Amino acid sequence: MFKPLKKVQARRRKQMRKATATAFGQLASAMLPKAPKGKVRPKSKSTGAGKALSHIRIQSTATSKPVVRSTPSTATVRSRMPMPRGARFQSLTYSSPFGRLDYKLYLPASATGAERALPLVVMLHGCGQSPDDFATGTGMNALAEEMGVIVVYPAQNRQAQKNRCWNWYRRSDQGRFAGEPALLADLTKNVIEATRADPARVYVAGLSAGASMALILAAAYPDIFAAVGAHSGLAVRAAHDASTAMIAMKHGAPGSRSPAPMPTINFHGEEDKVVHIRNGRFVAARAADAYPDLVRTERKGRTQDGRQFVRQSLRKGKGKSFAEFWVIAGSGHAWSGGSPSGRFTDPAGPDASREMLRFMLQHRTTLKHRKAAALINAA
């Protein structure tokens, strides 16, 4: 039977396949942030920072304090500190039915003979990074030594993604019991058991693609994680393939509503050219969705290196915050307050590593909560 449209349809399918392949290549390149060329003088005024949570419909009252000086970033000093006697930074490998991962594990000196179980933080690097580079840039190991925290740095491999990006934009890697979230969750549970970490104080944080995967992991496994930290990431299910990921990164995408409350601290550079600041606002909005009666407070500040920032917090009364959104004026796609010894860092910004640990360590799960969350998510 003659089909006059057969050649046209075949041509269109070929064009769509080519467009998808091109978009995937562009995505991989875009998620590799360029290292800053030099110190950039920030703009005199921050135009969008004060509007960070303007679209969140919650009962809130906003207060603003005058611009104050924050403590200087110490990530550079931390990254140069020698490893204390008794501490270990090990290279290990983990295999599960969901795949295989190399990872680095930092055990502070206090882990030996500790009277109580230590908290655990999972750190997910960005595209083009490695665990060693991410540890150096964030200065997290020295902070872990100071605060008594175990840190695990999973390493994405080139077989899974050629630029070592976590596959946050694929449907098969956005849920529970499948793909990279399942592999990372299994690794986390294995490390908890092996190190005897405190199961009530387990957290995950990341940068860029790592931040996007951290948000997915926390949403999919609220029975494991007590809080999440995201830096320059996108909301859960903001995309479902390489093409929609490019659109979301450039223009912003709201993602999906949070299935359960999850304390979230979120950093984003106002001049981010890789992942638009609008994505940071969507992450903040989704975090607030799960808390109906929060009060919003706002603080403006400036680091000694000149970076202005706005921190918006959502609290119950005057207690601890359940969501924080930090907008850093003049900063791009880089870890705020990080050490120049690592890649993709902004030493002039507020210390994201210290602030993330400060926020996350305020939150913990109970055995009852973990059992209930596991049952709900297993259904």
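Laboratory data are not the source of any read-out in this text; all were calculated from the coordinates shown. In this text the structure is predicted, and so the values were computed from the model without any measurement. Note that we place each Cβ from the backbone using ideal geometry, even for glycine, and neighbour counts take in every protein chain shown.
Tabulated data for the structure shown
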{"read-out": "Karplus-derived 3J(HN,Hα), 6.51/-1.76/1.60, for each residue of region 265-272, Hz, glycine and proline x", "value": "10, 9, 10, 8, x, 5, 9, 5"}
{"read-out": "Residue (of 142, 157, 122) at the positive-pole extreme of region 102-169, dipole from beta-carbon charges", "value": "157"}
{"read-out": "Farthest positive-ward along region 238-379 dipole, Cα basis, beta-carbon charges - from 246, 279, 258", "value": "258"}
{"read-out": "Proximal charge balance of residue 239 [Cβ under 13 Å; K/R count +1, D/E count -1]", "value": "+2"}
{"read-out": "Distance violations [Cα-Cα > 20 Å] among 318/368; 189/371; 189/316", "value": "318/368; 189/316"}
{"read-out": "Dipole moment magnitude, nearest 20 debye, region 258-342 about Cα centre, only Lys, Arg, Asp, Glu C-beta charged", "value": "300 debye"}
{"read-out": "Backbone HN-Hα couplings from phi across region 92-107 [Karplus 6.51/-1.76/1.60, Hz, Gly and Pro as x]", "value": "9, 9, 10, 10, 8, x, 8, x, 9, 9, 7, 7, 10, 10, 9, 10"}
{"read-out": "10 Å-binned pair-distance histogram of region 81-134 (Cα, whole percent)", "value": "18, 44, 31, 7"}
{"read-out": "Local net charge near residue 357, Cβ-Cβ under 10 Å (Lys/Arg +1, Asp/Glu -1)", "value": "-1"}
{"read-out": "Vicinal HN-Hα couplings computed from phi for region 296-308 (Karplus, 6.51 cos²θ - 1.76 cosθ + 1.60; Hz; Gly/Pro x)", "value": "9, 10, 9, 10, 9, x, 8, 6, 5, 8, x, 7, 7"}
{"read-out": "Computed over region 260-379, Cα set: Rg, Dmax in Å", "value": "15.9, 50"}
{"read-out": "Long-range HN-HN contacts of residue 121 with modeled amide H, under 5 Å", "value": "150, 151, 152, 203"}
{"read-out": "Cα point-scatterer Debye curve for region 184-247, base-10 log of I(q)/I(0) at q = 0.16, 0.17, 0.20 Å⁻¹", "value": "-0.55, -0.60, -0.77"}
{"read-out": "Highest-first arrangement of 175-181, 314-320, 156-162, where packing means the average Cβ count within 10 Å", "value": "175-181, 156-162, 314-320"}
{"read-out": "Base-10 log of normalised Debye intensity for region 134-215 (one unit scatterer per alpha-carbon) at q = 0.26 Å⁻¹", "value": "-1.41"}
